[in-house]
Structures are given as structure tokens and as C-alpha cells.
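These notes concern the structure reproduced below.
The values are calculated or read from the model by the stated rules, or taken from the named source; none is laboratory data. These numbers were taken from a predicted model, which means no experiment stands behind them. Quick reminder, even Gly has a Cβ in these numbers, built from the backbone with ideal geometry, and neighbours come from all protein chains shown.
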Amino acid sequence: MKQTIDFANLLFATTSKLEEFSAKNGDEIHIGLSGPNNVGLSKARSVNGTSSRSNRRAKINTFAYLCERLFSGTIAAAEVGADKIFVEYETRTGDKVAATFDGMTISFDGTIPADIEDISIPLSVYGLSSVCPHTDETKAAFETLKANLNGNTPWLESLYLCCDAFYFENNRVMPKSIEVDDDLLPESIAEAARTGGAEPIDLFANGATYPRTAQCTILEALDPDATVATAANPKKNAQSFFSSIKNGDLILNTYWDPARRSYIPDLKILDSFVPSSKFFKLVSRIKDDLGRVLDRMDAGLYGDDAICDDYVNIQMVGRPGTGKTTIANALAATFGMPIRVVAASKHTEEDTFTGMTKVQEGGFQFVETPFIDAFKNGGIIVLEEYNLADPGVMMGALGQAIERPFILLEDGYREVKRHPLCIVIATMNSGTMGSREPSEALTSRLPFSVMLEDPDEDAFLKILQLHTGSTENDCRKVYGMYKRVLDYLNDPSINEKQVALSITLRHCIEALKQMKTTYPFIEGGSNGAKAAERLFQESIHDSIIGAIAIKDRELADDVFTSVVKSGKSSK
């Protein structure tokens, strides 16, 4: 059975009481309830041509119902691939339902719930996932609500702001009508989990008291090894999947000439690589898309006919040191593909991509660049820190190259076409100095946006051990200091978030390397607890603190005294 529901009706076609929030507040709180005057977001809004500014009164909508379900622990959710969420929850009547949403259609496993609040849950979950890139304010407001509910801070206004943000951000991009059907096949979700294509939604399990998510029992019932990962219960199948990758099982059966084989990373680099759920998601996506491309090539098709709609354009965004280029190299090793890196800067010109004519041996000669080589002949292209380049230059050079008609003007005039096995990965450091906002026309051609954060503690420690051979105790000590320094810099009383971006995992690796070096002139001798502590502090000083000193020497001295020597995390 299929039905169509207006987006607005999914949010406001009810005045139901929110039981848990009403109990917590002591007053009745209903969906549709308007907040006090001047409760609204700070930015001016325009929704379907109608302006709305910060003095508009926010209104509670069914997004609050999702929050109730989350905070009561009766919901579980995961991202499935790059464009869909899966959610399993209890309805108001206590029935268990499962559904997916891909931005257009909500598909239920079996009967569609009768209440609009229950139908709206997948839509609301979608807005808190990384699959949905346009709801930054909703996600920030949700974090604030979560923090306020965990503490003793008044929280009702943050609930209004959550709902207000969700309504306005989604009104801009969601279709006016949402399709709802009962066609979900649970087996397809289980298969996605088995191949590493399902992962938890970060905001649902971020180490806070709220929310407490249940396990996805549908996945467990179909395949006990296909459970969704949490910090305490990682995917049981991840190790075997990664073992098959390291064994070369996903290497493309494609001929690369000797010149290009030299750019294929050895599988051995995966021995020191710690895979994440984001990596598995990328692997699954590339495997599926390029698999279909290879089938067409085997059938004798080439060029656009081989590519169809299965071209792979990826954007990886995150603070420095979160492993963007490392993941790109791991993908190249996984699939046995050449990888070429193009480092962008404010001086990047179009001939970086189209090739250039240079004077060689007294004459003019056209020279291919790494970009055009991989574009024409296949492989992974990494556009490193592409937001440092002029947006107009990037769009002018790449606008028609990475998307249909897949044309690049080699040497400025000669048309060449994108190779069917060409993957484009654009990386961007968030919040770094010198960056510019990329052209929206270009970012729309990179719709698969992967948001990278620091690895969780276990993965972080494993990376440190693999790269340095240090003891677990030393790794934990350096990691603990790294987190305390970041907490100090991000504290509102210090407010040095820009400086905090300059400290990365690489500085932790360097600190551990220095700790393994024997220095005969350490104060207190080369042995003993005092010498070990002095060596630890000097290693932190000449790595993590040194990164701060490049930005602000006085701040670096303050952090060393206030955090490293004292062990405090904030003033």
C-alpha cells in the first residue's frame, strides 16, 4: 500500500501530548504548542518565499516525538549506505516497527502506523544523520537539548529551537510530499550490515546519558553477526570483512600499464590502518558502483555508456589529522587502483587540471598533470584541501568533468572524456585558516559527503600503537594529555578553537616517538619515575605544545603550565 503525505502534515497534523516531556516539565506539552515571544533561530529565514526572522515564535512539532523516543531508549537507528537511514522503534501503542527513509520515501516493514507521530519518526531520524548534510542547526540544537536534559539547565526553550531548526532547514530541501509505503524488505538491511554498509548515527550514541538506543533486533534475528556497531559492541563481521580486504579480495580485475601500476599502494599499508565504519561505507559504495561499471565494460561498453549514473564523486570533510588522505590511500590499496594527489592552494590554476605547455629542451611541449592522467586513464584522484583554491577556478575546470558530460579540455582546447574507472575524492579541512567556501555548484557535484571526526578512544589508541610500537600505558598517557589540552583550548573561558584545530593525531604520534628516544641528560638521570615524567612533559612540549606555539607562543606557555605541568583541563 502506498500513500502520499504532505511534509507539513508530517510535522503539524497532530496536537498530541508529549508524555515524557510533560512529566519532566510538570506542565502539559503538546505538539503544535507555540513558544514564548522571540524564541526562534537567529538567522533570517525564507521558506517557500515567505520570510521569517528571529522574532518568529518557534512551535513544537513531531521532531519532539523522536526526542521522546530517543530519551526513553525505545529506538535504534543506523545509516545504510550513503543515502538511507534505517530505524526500529516502538509506537505509542507499543508495537515494534521498522522503516527506512532515503529523503523521498518512507518504507515500513509491514503495516504503516496509524498515528502521524509514528510515521514521522524516520523523517526526523534522517535529519540527525550524516546522510542528511543540510541540518547543521538542527544537530547543534539537538546537542544542546541533550546537554540541558543531562544537567540541571532549563531545557524547554532548547526543545523549541530543535523543532524550529528542523522545520526550517527541511522545508528548503525536502519534497513537498513524502511517499509512504510498506515495501521494506528486512533482508536488504541485514545484507547491508553484513557487508559493512550499516553504521550507527553519531548523535544517537555520543557518550552522553541521553539517548540510550536499543539494538536493532531485526538485524539480530536475521543474522546474529550483523548487529549495528556501538562503542561497547563493535560489528562482529568487521574483522572478517577487513581480512578479506587485506587479502586482496576486492582488487579490481583490471589491467593497469606499468607506469600506472607504480601509483597503486601496496596492500601492506593496510597492516597499519585502523578501519572505521566510514571506511567500510566507502568500500561498499565503491564496490557496488564500480562493479556495475565493470559489468558494462565487460559487455563492450565504454565512456558514458559504461559509467551511466555510477560515477563516484566523494567529499571528505573533517578537522586536520582525521585521516582523509589516509583513507583515500587505503581505498586505493583495497581496490588495487592508482592514486594521484592534487594539492590545491590559492595559486591553483586551471592548467593544474587540464595540463600545461612548458618549455623543454628549447621548445614548447605539452605536459600531462597527475589529474588529467588519472582522469583519462582511470584511478583515484584526491583533490587535497580543494577549498583553498579559488572557487571559480575549481568550478571552471571541473564543472563539466566530474559530472555529465564528463568532458575536460586538455591543454585548454582538446576534449577528453572521464575514464569509467575514475574516482574523484575531494578533501577539505574544516575551519582552517586560508580556506574559502567552495562553490555550491561544485559541492552539488560531490553529493556523497563523509564527515570525519577523531577516532574513538579505542581506535585512537590502536593507531598510536600501530604507528609507534609504544606500550598501551604510554599511548593512554599521551592520548589523555591530548584530550585535556583540547578541552582547555575549547573551554569558553579560553575560546581558542582555531588553535585547537592545529593539534592532531600526528602530534600524538610524534610525542610517543620522542618518548621512545633515549636522552642521557634528562633532569634526574635517565632512569626513574622523575626522569620518565620529565621526558613525557618534554615530549608533549615539543609536539603538541609546539603546534600551539606556531599560532601563539604566549598561549603555548600558558597551556604547558596550566595543563601539562598541573594536569588540569580548564581554568
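Summary of values
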item	result
Search result, residues across region 94-104 that are outside any loop (DSSP other than H, G, I, E, B) and either among the hydrophobic types (A, V, I, L, M, F, W, C) or not assigned by TED's automatic domain parsing to the domain that holds Ala78 (or both)	Val97, Ala98, Ala99, Phe101
Those residues of region 475-501 which are touching a Leu at 6+ places or on another chain (Cβ under 6 Å) and either assigned to a loop (DSSP other than H, G, I, E, B) or acidic (Asp, Glu) (or both), in sequence order	Glu496
Subset tally (residues that are surrounded by 10 or more Cβ atoms within 10 Å (Cβ to Cβ) and in a helix (DSSP H, G or I)) for region 241-261	9
Scope region 5-15; condition modelled with pLDDT of 90 or more and not hydrophobic (A, V, I, L, M, F, W, C); matching residues	Asp6
Yes/no for Gly303 being more than 25 Å from Val80 (Cα to Cα), under 20 Å from the mean Cα position of the chain (by Cα) and touching a residue at least 24 places away in the same chain (Cβ under 8 Å)	no
Count of region 274-300 residues which are outside any helix (DSSP H, G or I) and touching a residue at least 60 places away in the same chain (Cβ under 8 Å)	2
Residue selected from region 328-351 under the condition touching a strand residue (DSSP E or B) at 6+ places or on another chain (Cβ under 7 Å) and assigned to a helix (DSSP H, G or I), by the criterion farthest from Pro370 (Cα to Cα)	Leu331
Qualifying residues in region 435-465 (those that are within 21 Å of Ser130 (Cα to Cα) and among the polar types (S, T, N, Q)) - the one nearest to the chain's Cα centre (by Cα)	Ser449
Of all residues in region 535-571 being more than 29 Å from the chain's Cα centre (by Cα) and not in a helix (DSSP H, G or I), the one that is modelled with the lowest pLDDT	Lys571
Evaluation of Arg53 against (1) farther than 28 Å from Gln3 by Cα; (2) at pLDDT 85 or above (one fails), failing number	(2)
Residue satisfying all of: in region 16-31; farther than 29 Å from Met104 by Cα and small (Gly, Ala, Ser); modelled with the highest pLDDT among these	Ser22
Among (1) among the polar types (S, T, N, Q); (2) over 17 Å from Leu10 (Cα atoms); (3) at pLDDT 90 or above, the one test that Thr153 misses	(3)
Residues being more than 21 Å from Cys162 (Cα to Cα) and surrounded by fewer than 18 Cβ atoms within 10 Å (Cβ to Cβ) - total across region 83-104	10
Lone qualifier among Ile75, Ile112, Ile106 - being in contact with a Leu (Cβ under 9 Å, 6 or more places away or on another chain) and either without any contact (Cβ under 8 Å) to a residue 12 or more places away in the chain or under 19 Å from Asp6 (Cβ atoms) (or both)	Ile106
Some residue of region 387-404 being more than 30 Å from Ile503 (Cα to Cα), assigned to a loop (DSSP other than H, G, I, E, B), β-branched (Val, Ile, Thr) and in contact (Cβ under 8 Å) with a residue 40 or more places away in the chain	yes
Complete set of residues in region 405-424 that are in a strand (DSSP E or B) and under 20 Å from Leu294 (Cα atoms)	Lys417, Cys422, Ile423, Val424
